[in-house]
Amino acid sequence: MTFIEISGFIFGIAGVWLTLRGNIWCFPVGLVNVALSLFLFWEQKLYSDVIQQAVYIVLLIYGWHNWLNINSKNKKIISNTSSKMWLALSISGILVAISMGSFFHYFTDADVPYLDASATSLSFIAQFLIARKKIENWLIWIVVNIMYVGIYLNKELYLYALLFTVYFILAVMGYREWKKEIINSST
């Protein structure tokens, strides 16, 4: 275990916990986690994950801005994803997974390129849904976390496998917490 892996672990748990609580500090804490993870994944030749971390930087900044606007209007709206958005996200996700997986399979020395690209694509969707305060983000994270536990065990990144096990638990908790928030705001 390296300093980067240990630090990424700590900032990762803190970032997801803050997201679960609806705390806007999840974004700057998440940015630290993302920067650390980007370097770690580059060293491990998980190139889809490297791209994922780079995209997360953009999505975290977008989410931070979006949540600031929501909070400035005294709104704490958690909502469901529309059918139209699901269709667009599903098509985009499939195209990204196939494109990234194929590119990394044929043009790099990436390990598990299609599995890694699929998990990355789903992660983009989940992170976008967090930025929009859509409850389904947690359901996608549950699936993604299971995928990453397998990938990281395969790469012998045991602390990150543990981290994604904790993320799995936090995603279940996050879904329950946000579901309560929806129910309470509708009554």
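Every number here is computed from the coordinates shown, using simple stated rules; none is lab data. Source: prediction; values computed, not measured.
Over its Cα atoms, what ratio of radius of gyration to 2.2 N^0.38 Å does the range 114-160 give?
1.20
Tell me what the chain gives for mean residue ellipticity at 222 nm when only DSSP H runs of n ≥ 4 count, each as -39,500 (n - 2.57), the sum divided by the residue total, rounded to 500 deg cm²/dmol. Intermediate results must be reported in sequence, preceding the final value.
Values: 7 runs with 153 residues, N = 187.
Taken over the chain, the calculation gives -28500 deg cm²/dmol.
Put one equal scatterer on each alpha carbon of the range 90-138, apply the Debye formula with no solvent term, and list log10 I(q)/I(0) at q = 0.20, 0.27, 0.29 1/Å to two decimals.
-0.63, -0.89, -0.96
If you scale each eigenvalue of the Cα gyration tensor by 5 and take the root, what three semi-axes come out for the range 31-187, rounded to whole angstrom and sorted largest first? Show your work: numbers first, answer last.
Working: eigenvalues 161, 56, 45 Å².
So the three semi-axes of the range 31-187 are 28, 17, 15 Å.
Take every Cα pair under 8 Å in the range 1-114 that's 6+ residues apart, average their separations, divide by the length, and report that relative contact order as a whole percent. Walk me through the numbers on the way to the answer.
Numbers: 92 pairs, mean separation 24.9, N = 114.
After rounding, I find 22 percent.
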